[in-house]
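The values are calculated or read from the model by the stated rules, or taken from the named source; none is laboratory data. Everything numeric in this text was worked out from a predicted model, so none of it was measured. In this analysis, Cβ positions are derived from the backbone assuming ideal geometry, glycine residues included, and neighbour counts consider all displayed protein chains.
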Amino acid sequence: MKFFISIISIVFTGLILLGCTKDAVKDGSSPEGSSGAESYVYNADTAQLKELNLDNTLSAAETLMLTPEFSDPSSPLSKRTIYFEYDSSQVLNEFISVIEAHGQYLMNHPNQSTTLQGHSDERGTREYNIALAEQRAKSVFNMLQLIGVMSNQIEVVSYGEEKPVAQEHNEDSFALNRRVEVVYK
Amino acid sequence: MINKSKNIAVILISLVTLINSQVLKAELTIEITEGIQSAYKIAVVPFATPPGEVLVTDVAGVIAQDLAGSGYFKVLPRDEMLTRPTQPARVKFRNWAAIGQDYLVIGFITKDNNLYHVQMSLFDVYKKEQLKGLRITVEADALNMAAHHLSDAIYQRITGIPGVFTTRIAYVTSIFNEQNQPQYKLQVADYDGANAISIAQSKEPIMSPAWSPNGQQIAYVSFEHKVSEIFIQTLKTGERKSVAKFKGINGSPAWSPDGKQLAITLSKDGNSDIYILTLANLSLRKLTQSWAIDTEAAWSPDGTQILFTSDRGRLPQIYVMPSNGQGSAKRLTFDGNYNARGSFSADGKKIVMVQGVQGKYRIALLDLVTGANTVLTDGSQDESPSFAPNGQAIIYARRKGDNEVLSTVSLDGLTKLDIQSAAGKVREPAWAPRK
């Protein structure tokens, strides 16, 4: 759970330190505690940040824009990855509340836009996976539209199998890679 | 010496090739992963070099590797050679017959200012006659290419099939840099991976390279602007043109045999469909109209048919339809629950594809005449197959441990070669047409 601890402190220190320059914090060596968290925020290129992204959390750019409810683990908005079954673009029941929460947020913030990034696991052919991953993103897009989100608030992009978050070649990794990421700008 | 002068050709490799090869370095090496079944036995004796000179290129070594890699030849190891003649007059056929050789290649290199003359002779050991003599003149840096030309000549004289040793391949590599960011490169190299150059690179994915029929351009997909976009790049000039950047997917470019059109996948109208893009005016014609995924188009050699992958039957399978859109799509694949990325052989009688059976994705060959389905590979994630220009092998990408490498496999599945890269994961090979 150390990621969650870090994340919460990212949000608060991130907001507080809004004006700080990138050079202000350079220490990326301590992954826990507030100073470590700051380094995640400001060293946007480090591997640690990549890991944070993998765990469904905030990138530096997002931190500056989004409110704390996006990082509260009890809020459905803290979940911004929707996972799918093999060769399927059907939204699983467990993710409906997540999509609804984002839909509600987007309706309440009509100036906020988001990108739905579709991804697949590595099995099968690359261009078919591009198409499959787009279908996944469009499934989420359609649900958001049904909820009432304006289509001009949402962009869809498919990366297929080209951007895996998990690098192993096993079922666990495949499951993590079959996903749609809701990316706020 | 039969008809020597008639068989001698002089090939001057252009300066352009030389300049290129100077900046290039070999990033890939070939490794034979499976043995050869039945093959011609051939000895390639080290060529004599100009007095006092050590050449960077071992011409006979390159020829031996080319021939061994083709699957048609078993090359005699040098340490089993009893003699090493370099002049035709010195050849004693019985020496080579005694150790079971069918063919013999000898040669010598002479120097004339900065030019090297490479003289090669091919002999039939049992008929005791010269089958071919060839002289190639190059500068030092093109000795490697000269050797490939000689391999082509030997291969064609013995098998009757044109060789592919002077052809090139394109492929995509992906590595993580020191900042742990991915770097994608589109590379072009000799058929064996030597002399690789990058023609495009990006922090965002590059996909689906496809050679134009004249070998002068490559179409590919780049995400450099965060969304997919299809570019056509001219190799000689580096000039690049964006030909498709519609909303949604821009993917799977496939050149028509006349080079005037690209079949592409777009999703601008809702879901993935195949469109025909006329390059002269960038006009679009929608070819497939289904609610399902339609992608990965490939043209028949005569340009009248288009293969594509569709999941209209729930699972991805390969379909074919007329390229003019007049007629319905017909399903071609029934073996395996996943068939995708098909492409035709040069005679249009076979297709090669990725076939998924019980979670393993392998390269399979479907004979359209007999209906025979042959699985050629035994990996778990083999992909991106395409025919060699002479139709004798298939190049594809496969997982090897945690890495991705390029391999070739013969049409009978018996000869497999790895083309390994020193730099990162290598994928999506595309074999250039013969020049």
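Among the residues of the range B:406-425, what is the count of those that are under 19 Å from B:Ala189 (Cβ atoms), over 14 Å from the mean Cα position of the chain (by Cα) and aliphatic (A, V, I, L, M)?
Selection size over the range B:406-425: 2.
Output the number of residues of the range A:143-180 satisfying the condition of being surrounded by 20 or more Cβ atoms within 10 Å (Cβ to Cβ) and among the charged types (D, E, K, R).
Number of matching residues: 4.
State all residues of the range B:199-209 that are in contact with a Phe, Trp or Tyr (Cβ under 8 Å, 6 or more places away or on another chain) and either more than 23 Å from B:Gly342 (Cβ to Cβ) or within 11 Å of chain A (Cβ to nearest Cβ) (or both); if no residue qualifies, say none.
B:Ala200, B:Gln201, B:Ser202, B:Lys203, B:Glu204, B:Pro205, B:Ile206, B:Met207, B:Ser208
From (1) out of contact with any Phe, Trp or Tyr (no Cβ under 7 Å at 6 or more places or on another chain); (2) modelled with pLDDT under 95, pick out the condition that doesn't hold for B:Asp66.
B:Asp66 satisfies all of (1) out of contact with any Phe, Trp or Tyr (no Cβ under 7 Å at 6 or more places or on another chain); (2) modelled with pLDDT under 95 except (1).
Among the residues of the range B:121-142, write down those that are surrounded by fewer than 22 Cβ atoms within 10 Å (Cβ to Cβ) and over 22 Å from B:Phe93 (Cβ atoms).
B:Arg135, B:Thr137, B:Glu139, B:Ala140, B:Asp141
Among what's in the range B:359-378 and is part of a loop (DSSP other than H, G, I, E, B) and buried (at least 17 other Cβ atoms within 10 Å of the Cβ), pick the residue that is nearest to the other protein chains (Cβ to nearest Cβ).
B:Thr377
When only residues in the range B:184-194 that are over 14 Å from the mean Cα position of the chain (by Cα) and closer than 22 Å to B:Thr408 by Cα count, which is surrounded by the most Cβ atoms within 10 Å (Cβ to Cβ)?
Keep residues of the range B:184-194 that are over 14 Å from the mean Cα position of the chain (by Cα), which gives B:184-186.
Those left that are additionally closer than 22 Å to B:Thr408 by Cα: B:185-186.
Details: B:Lys185: 20, B:Leu186: 25.
The extreme case among them is B:Leu186.
Give me the helices (runs of 4 or more DSSP H) completely within the range A:45-145, filtered to those with at least 2 residues that are modelled with pLDDT under 90, away from chain B (no Cβ under 14 Å) and more than 25 Å from B:Thr295 (Cβ to Cβ), ordered by residue number.
Where helices (runs of 4 or more DSSP H) fall fully within the range A:45-145 and carry at least 2 residues being modelled with pLDDT under 90, away from chain B (no Cβ under 14 Å) and more than 25 Å from B:Thr295 (Cβ to Cβ), they are A:60-65.
If you take the residues in the range B:258-271 that are in contact with a Ser or Thr (Cβ under 8 Å, 6 or more places away or on another chain) and touching a residue at least 24 places away in the same chain (Cβ under 8 Å), which one is nearest to A:Ser89 (Cα to Cα)?
So the residue we want is B:Thr265.
Before we move on, is B:Asn95 outside any loop (DSSP other than H, G, I, E, B) and not basic (Lys, Arg)?
So B:Asn95 fits the description; yes.
Does A:Tyr159 fit the bill of being within 20 Å of B:Asn250 (Cα to Cα), assigned to a strand (DSSP E or B), within 14 Å of another protein chain (Cβ to nearest Cβ) and in contact with a strand residue (DSSP E or B) (Cβ under 6 Å, 6 or more places away or on another chain)?
yes
Search the range B:398-414 for residues that are in a loop (DSSP other than H, G, I, E, B) and pair each with any residue that is surrounded by 18 or more Cβ atoms within 10 Å (Cβ to Cβ) and not small (Gly, Ala, Ser) when their beta-carbon atoms are under 6 Å apart and the residues are at least 6 apart or on different chains.
B:Gly413/B:Leu376
I'd like the full set of residues that are assigned to a helix (DSSP H, G or I), of a type in the set (A, V, I, L, M, F, W, C) and either free of Cβ contacts under 8 Å to residues at least 40 places away in the same chain or more than 11 Å from every other protein chain (Cβ to nearest Cβ) (or both), limited to the range A:162-185.
At the first step, the residues of the range A:162-185 found to be assigned to a helix (DSSP H, G or I) are A:171-177.
Imposing the further condition that a residue be of a type in the set (A, V, I, L, M, F, W, C) reduces the set to A:174-176.
Residues satisfying the conditions are A:Ala175, A:Leu176.
Could you check the range A:63-104 and list, in sequence order, the residues that are of a type in the set (Phe, Trp, Tyr) and more than 28 Å from A:Ile130 (Cα to Cα)? Full working, then the answer.
Residues of the range A:63-104 of a type in the set (Phe, Trp, Tyr): A:70, A:83-84, A:86, A:95.
Matches in the range A:63-104: A:Phe70 only.
From B:Trp255, B:Trp291, which residue is exposed (fewer than 13 other Cβ atoms within 10 Å of the Cβ) and in contact (Cβ under 8 Å) with a residue 12 or more places away in the chain?
Details: B:Trp255 fails: exposed (fewer than 13 other Cβ atoms within 10 Å of the Cβ).
Step by step, each of B:Trp255, B:Trp291 is checked, and only B:Trp291 is exposed (fewer than 13 other Cβ atoms within 10 Å of the Cβ) and in contact (Cβ under 8 Å) with a residue 12 or more places away in the chain.
Among B:Asp79, B:Asp112, B:Asp102, B:Asp124, which is the only one that is among the charged types (D, E, K, R) and under 30 Å from B:Ile395 (Cβ atoms)? Don't jump to the end; show me each part of the working.
Numbers: B:Asp79 fails: under 30 Å from B:Ile395 (Cβ atoms); B:Asp112 fails: under 30 Å from B:Ile395 (Cβ atoms); B:Asp124 fails: under 30 Å from B:Ile395 (Cβ atoms).
Unique residue meeting the criteria: B:Asp102.
Filter the range B:334-358 for residues that are of a type in the set (Ser, Thr, Tyr) and within 13 Å of another protein chain (Cβ to nearest Cβ) and give the result.
If the condition is that a residue be of a type in the set (Ser, Thr, Tyr) and within 13 Å of another protein chain (Cβ to nearest Cβ), then B:Tyr338, B:Ser343 are the ones that fit.
Quick check: anything in the range B:173-180 hydroxyl-bearing (Ser, Thr, Tyr) and free of Cβ contacts under 8 Å to residues at least 40 places away in the same chain? Write out each step before concluding.
Step one: of the range B:173-180, the residues hydroxyl-bearing (Ser, Thr, Tyr) are B:173-174.
Still in the list and also free of Cβ contacts under 8 Å to residues at least 40 places away in the same chain: none.
No, that holds for no residue.
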